[in-house]
1. Run SER245 past the list (1) under 17 Å from ASP97 (Cα atoms); (2) surrounded by fewer than 19 Cβ atoms within 10 Å (Cβ to Cβ); (3) of a type in the set (S, T, N, Q) and report the number of the one that doesn't hold.
2. Quick one: what pairs do we get from the range 220-241, first residue within 21 Å of MET18 (Cβ to Cβ) and assigned by TED's automatic domain parsing to the domain that holds TRP253, second modelled with pLDDT under 95 and part of a helix (DSSP H, G or I), C-beta under 9 Å, 6+ apart or different chains?
3. If VAL12 satisfies every condition in (1) of a type outside the set (D, E, K, R); (2) surrounded by fewer than 18 Cβ atoms within 10 Å (Cβ to Cβ); (3) part of a loop (DSSP other than H, G, I, E, B) but one, which is the exception?
4. Filter the strands (runs of 3 or more DSSP E) completely within the range 66-153 down to those with at least 2 residues that are closer than 21 Å to TRP24 by Cα.
5. Which residues, taken from the range 25-57, are of a type in the set (Ser, Thr, Tyr) and touching a strand residue (DSSP E or B) at 6+ places or on another chain (Cβ under 7 Å)?
6. If a residue must be part of a loop (DSSP other than H, G, I, E, B) and surrounded by fewer than 21 Cβ atoms within 10 Å (Cβ to Cβ), how many such residues does the range 154-164 contain?
7. Which residue, of ASP20, ASP60, is in contact with an Asp or Glu (Cβ under 8 Å, 6 or more places away or on another chain) and either surrounded by fewer than 23 Cβ atoms within 10 Å (Cβ to Cβ) or not in a strand (DSSP E or B) (or both)?
8. Which pairs do you get when a residue that is touching a residue at least 60 places away in the same chain (Cβ under 8 Å), found in the range 130-155, comes within reach of a residue that is acidic (Asp, Glu) and assigned to a helix (DSSP H, G or I), reach meaning Cβ atoms under 8 angstrom, with the pair 6+ apart or on two chains?
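The values are calculated or read from the model by the stated rules, or taken from the named source; none is laboratory data. If you're wondering where the values come from, they're calculated on a predicted model, not measured in any experiment. Note that we place each Cβ from the backbone using ideal geometry, even for glycine, and neighbour counts take in every protein chain shown.
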Amino acid sequence: MGSKTPLYDQHVADGARMVDFGGWDMPLHYGSQIEEHHAVRRAAGMFDVSHMTVVDVRGDRCREFLQHLLANDVAKLKQPGKALYSCMLNEDGGVIDDLIIYFLKPTWYRFVVNAGNSEKDLAWMKKQAVAFDVVVKERDDLAIIAVQGPDARNVAAALLPEEGRAEALALGQFFAAEIGDYFVARTGYTGEDGWEIAMPATMATTAWQQLLTLGVVPCGLGARDTLRLEAGMNLHGSDMDANTSPLDAGLNWTIAWTPEERDFIGRAALTAYRNNGVKYDFVGLVLKDRGVLRNHQRIVVDGLPDGEITSGGFSPTTGRSIALARVPVGTGDKACVEVRGKLLDVQVVKPPFVRHGKACIEFDAD
């Protein structure tokens with residue numbers, strides 16, 4: 001038996017198929033992964049993401065600490081509530097985790113980190129925090145429900161106190177605000193609009209049931225994975241890890257190279273690798289033949305070393321098999337993938353595959 005979120009009993013009552021995910025008992029689906037996927041693309045779906053870890057960092061030297069800890073620069077965060085996506089690197093430039101950080105006050109920032117990495121993330125943060133005299137605290141008293149889809153915010157607004165709904169609906173992309181007992185962030189992991197709503201764990205079941213009555217479709221891990229894959233969003237442990245440079249994972253845009261005097265953890269290793277020539281590009285693949293692209297399948301490129309699929313699967317929105325992959329620099333728009341001993345043709349594209357519920361790349365004729 002794994003750890004359970006405050007919504008575990010609700011998932012069981014809703015008929016979810018429960019599976020182990022990073023040591024947590026989580027819903028894979030509630031009957032049809034495909035229908036859940038389409039609900040998010042077309043209307044509104046909700047996910048229990050309470051297994052994610054909320055971490056508050058407080059202290060007078062918060063910004064200085066975070067400028068050292070993260071590859072992206074929190075100095076970009078000027079307005080309260082603004083969020084930033086960043087990698088947290090080790091000294092070798094590998095990705096310990098990717099995370100979202102919110103600027104709440106000069107003395108208070110909030111992280112949301114991946115569930116499977118929370119223990120090592122917290123240990124790493126606390127180790128680095130000692131020199132800056134800041135407090136790193138896990139908020140295990142909170143639950144998080146992500147409501148995603150084109151109708152998500154308008155529907156989920158009914159969950160919030162009436163006097164705070166207008167403020168919540170006015171939030172810009174990658175902004176958050178405290179609305180009564182709720183921490184409402186206009187962020188997500190699906191490529192659709194929506195909110196990730198943190199709340200006291202004791203409120204989670206009532207909130208979930210209210211969203212059900214509003215017509216929001218409960219969704220599991222299966223749909224969450226196909227949605228993020230279509231959106232071209234990285235998954236730690238698949239698309240990058242502590243042995244992978246963000247430069248090889250399509251995450252160079254998350255590195256703040258200036259100011260040059262900011263000596264964040266992993267900077268020296270990243271700089272040396274960049275100066276010596278990055279070896280891989282991070283791309284999207286679309287299968288032109290019949291079959292399914294899967295993680296770790298070999299990519300064959302004429303005249304170049306092999307590449308590897310990092311995340312692959314079927315895309316319900318496009319009706320095709322797609323993947324994220326690491327390929328050698330110099331790869332063109334065509335390659336082959338080894339599937340069950342056969343080399344199948346793939347089209348090499350730039351992610352994402354889907355934007356605003358529709359395919360956003362041009363597929364080659366089959």
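1. Unmet condition: (2).
2. Note: pairs meeting the criteria are GLY237/GLY116; GLY237/ASN117.
3. (3)
4. Working: elements: 83-89, 95-105, 108-113, 135-138, 142-148.
In the range 66-153, the matching strands (runs of 3 or more DSSP E) lie at 95-105, 108-113, 135-138, 142-148.
5. Filtering the range 25-57 down to residues of a type in the set (Ser, Thr, Tyr) leaves 30, 32, 50, 53.
Listed by number, the residues that qualify are TYR30, SER50, THR53.
6. Step one: list which residues in the range 154-164 are part of a loop (DSSP other than H, G, I, E, B), which gives 160-161.
Adding the requirement that they be surrounded by fewer than 21 Cβ atoms within 10 Å (Cβ to Cβ) leaves 161.
So the count comes out to 1.
7. Values: ASP20 fails: in contact with an Asp or Glu (Cβ under 8 Å, 6 or more places away or on another chain).
It is ASP60.
8. PHE132/GLU64
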